[in-house]
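I have placed the structure first, in the form of structure tokens, so that the comments after it can refer back to it.
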Amino acid sequence: MVRKQLYLTSEQDQRLKRRAAQLGMSEAELVRRALDAALASDTEPLAVQNTRRAALEEFFAGADAIVDHYGPSIGRLNRVELYAEREAKLLKR
């Protein structure tokens, strides 16, 4: 890999941190994936790019709403808690 440096606005930095945490990946990995998507779209018609972008924005807005409602730990699985919950349900039978 090649190391690159870039400047982000404060808002971009905050959004990048939040999205990376939501997806459970590093900020660098998220930037690499976004860059891959942007570079791959060079060959797509503009209408397709806009449709994809709108769908992604709608998806991420929904994800943001879920995280805002349930908190940042939503989507993170804790195996011990899951087993304890399952065991509790089995013992109630």
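The values are calculated or read from the model by the stated rules, or taken from the named source; none is laboratory data. Because the structure is a prediction, the values reported are computed rather than measured. FYI the Cβ positions are ideal-geometry reconstructions off the backbone, even for glycines, and counts take in every protein chain you see.
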For this session: May I ask you to verify whether Leu30 is free of Cβ contacts under 8 Å to residues at least 40 places away in the same chain and surrounded by 12 or more Cβ atoms within 10 Å (Cβ to Cβ)?
Result: yes
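Checking the conditions here, which among Glu57, Glu87, Glu81, Glu11 is out of contact with any Asp or Glu (no Cβ under 7 Å at 6 or more places or on another chain), surrounded by fewer than 11 Cβ atoms within 10 Å (Cβ to Cβ) and modelled with pLDDT under 80?
Going through Glu57, Glu87, Glu81, Glu11 in turn, the sole match is Glu81.
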Seminar exercise, completed: Filter the stretch 18-68 for residues that are over 25 Å from Tyr7 (Cα atoms) and outside any helix (DSSP H, G or I); the one that is farthest from the chain's Cα centre (by Cα) is Pro45
